[in-house]
1. Can you spot a residue in segment 355-364 that is under 22 Å from V273 (Cα atoms) and within 16 Å of the ligand (Cβ to nearest atom)?
2. Do we find that D115 is outside the structural domain of Y50 (by TED's automatic domain parsing) and either touching a residue at least 24 places away in the same chain (Cβ under 8 Å) or in contact with a Phe, Trp or Tyr (Cβ under 8 Å, 6 or more places away or on another chain) (or both) in this structure?
3. For segment 240-269, enumerate the residues that are β-branched (V, I, T), away from the ligand (no atom under 12 Å from the Cβ) and in contact with a helix residue (DSSP H, G or I) (Cβ under 7 Å, 6 or more places away or on another chain).
4. Go through segment 193-237 and give me each residue that's within 16 Å of the ligand (Cβ to nearest atom) and either within 15 Å of N97 (Cα to Cα) or surrounded by fewer than 24 Cβ atoms within 10 Å (Cβ to Cβ) (or both).
5. Looking at (1) part of a loop (DSSP other than H, G, I, E, B); (2) within 21 Å of F220 (Cβ to Cβ), which one does D21 not meet, given that it meets all the others?
6. Just give me the residues in segment 270-299 being closer than 15 Å to G15 by Cβ and within 15 Å of the ligand (Cβ to nearest atom), in sequence order.
Amino acid sequence: MRNVAVIGSQWGDEGKGKIVDWLSSRADVVVRFQGGHNAGHTLVIDGVEYKLSLMPSGIVRPGKMSLIGNGVVVDPFAFFREMEILQEKGVEIMPDNLRIAENANLILPVHQAVDKALEAARGKGLIGTTGRGIGPTYEDKVARRGIRLCDLAYPEYLREKLERLMIHHNALLKGLGADVFTIEDLYDGLMGIADRLLPFKGVVWKILDGAISDKKKILFEGAQGTMLDVDHGTYPYVTSSNTVAAQAATGSGIGAGSVGYVLGITKAYTTRVGAGPFPTEQDNPTGELLGQRGREFGTVTGRKRRCGWFDAVQVRQASAISGIGGFALTKLDILDAFDEIRICVAYELNGKQIDYLPSSPVEQAALTPVYETLPGWTSETSGMRSWDAFPQNAVRYIRRIEELTGVRVALVSTSPERDDTILIEDPFGE
Ligand code: IMP
């Protein structure tokens, strides 16, 4: 038995929801460790649809402990909105089954205003953020002026911190030609929810320490994907947190050795939402077909996702950086309609072949993918539950992905339905 961390191995939207739900049904504790309500996934359990953004997936299942770690940025107003929608569907959410780390930073309305004003000012250099205030909140955190959950318990201290915070943000908003905020607005807003929010405050590292001693099964639920990592992704077209598996430790307060098995959720092709480099993008009928068949629209913002071929160079890099032990391969059935399927096996940069994604955006923009073409299987794999029935060319495609990335496929998901999954290796090691 071991713990499991689930992370995206591409640019997010790899189809983590279904896999995380399946794993969380078997875990005792489910922990979010980075990001915020920029994430989004839909779970369907017994015909009921649940849309989660900030809440750990375990929340919809009775008897699980859900934790929001210190690495997450928490919009307390969005937290209550999500909680109310879930409660209307009969989900019980109480401090008994959900805790937010007392040292988690809070997203305030001013962060969203700054996020939007900065994006508007970026013009051509737009990142295409979700507008949820994620970046400005992480900026405040590392600048040591962030407002944390524990601050709400001390109103005078909170007011002093808000005063300091707003010297910075109002100067910025003024400079950007946007409306400024009064300290009272922010203070009153926070004090208006403090009594409801504080009971959820917890010492998450301690809860996890106890869970590890009690040999509970812990699932670390990543959001976004490795290529959106602020250090290892396609900077500056990234989110503002570390999305790699190591963040499961720092973003929740456990030792690196307790993260356990890293399951990389990997789509059988590639998508990206928002701006930034994407070497295998197909801005043509192939990309259109992938997008149509895969229903590639963002869960949070509804934006159309950019689509392209599987990039083995990028996924191999993500696997090395996150220590991925196995893939959950998703949306293979979207490729059922293609006669030929391409995999990027290397890049060409200034006439030379390279086997990694360089960090410079100038170099990333100049890459030409080197493709290998494999025959398609042009038959339906959607809904398949066993290897034996799989078309030979589909197996060949999977094996080639394994060879090129050096990572085994631990499970294949063949439709959004939970049971349409072929399990090869159990992530929890049971
Ligand atoms: P932010 O996280 O809102 O700052 O957005 C920064 C970048 O990350 C943008 O390109 C977003 O589209 C992307 N992004 C943020 N969250 C997600 C996600 O959950 N899935 C896919 N892309 C995301």
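The values are calculated or read from the model by the stated rules, or taken from the named source; none is laboratory data. Given the structure is predicted, the values throughout are model-derived calculations rather than measurements. Cβ: placed from backbone, ideal geometry, glycine included. Neighbour counts: every protein chain shown. Side chains are part of the model used for accessible areas, which takes the heavy atoms of the whole protein and leaves out ligands, DNA and RNA. Shrake-Rupley method; radii C 1.70, N 1.55, O 1.52, S 1.80 Å.
1. Scanning segment 355-364 turns up at least one residue that is under 22 Å from V273 (Cα atoms) and within 16 Å of the ligand (Cβ to nearest atom).
2. The answer is no for D115.
3. Quick first cut of segment 240-269, residues β-branched (V, I, T) only: 243-244, 250, 254, 259, 262, 265-266.
Keeping just the survivors that are away from the ligand (no atom under 12 Å from the Cβ) gives 244, 250, 254, 259, 262, 266.
Within segment 240-269, V244, I254, V259, V262, T266 qualify.
4. Passing the criteria: V230, D231, H232, T234, Y235, P236, Y237.
5. Condition (1) is where D21 drops out.
6. Let us first name the residues in segment 270-299 that are closer than 15 Å to G15 by Cβ, namely 270-273, 290-291, 293-299.
T270, T271, R272, V273, G291, G294, R295, E296, F297, G298, T299 - these are the residues of segment 270-299 that are closer than 15 Å to G15 by Cβ and within 15 Å of the ligand (Cβ to nearest atom).
Here is a yes/no grid of residues against (1) in contact (Cβ under 8 Å) with a residue 40 or more places away in the chain; (2) open to solvent by 10 Å² or more (accessible area, probe 1.4 Å); (3) assigned to a loop (DSSP other than H, G, I, E, B); (4) more than 16 Å from the ligand (Cβ to nearest atom):
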| residue | (1), (2), (3), (4) |
| --- | --- |
| A5 | yes, no, no, yes |
| Q10 | yes, no, yes, no |
| G17 | yes, no, no, no |
| L43 | no, no, no, no |
| I59 | no, no, no, yes |
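Rundown of residues vs (1) open to solvent by 20 Å² or more (accessible area, probe 1.4 Å); (2) without any contact (Cβ under 8 Å) to a residue 60 or more places away in the chain; (3) assigned to a loop (DSSP other than H, G, I, E, B), yes/no style:
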| residue | (1), (2), (3) |
| --- | --- |
| D185 | yes, no, no |
| D188 | yes, yes, no |
| M191 | yes, yes, no |
| L263 | no, no, no |
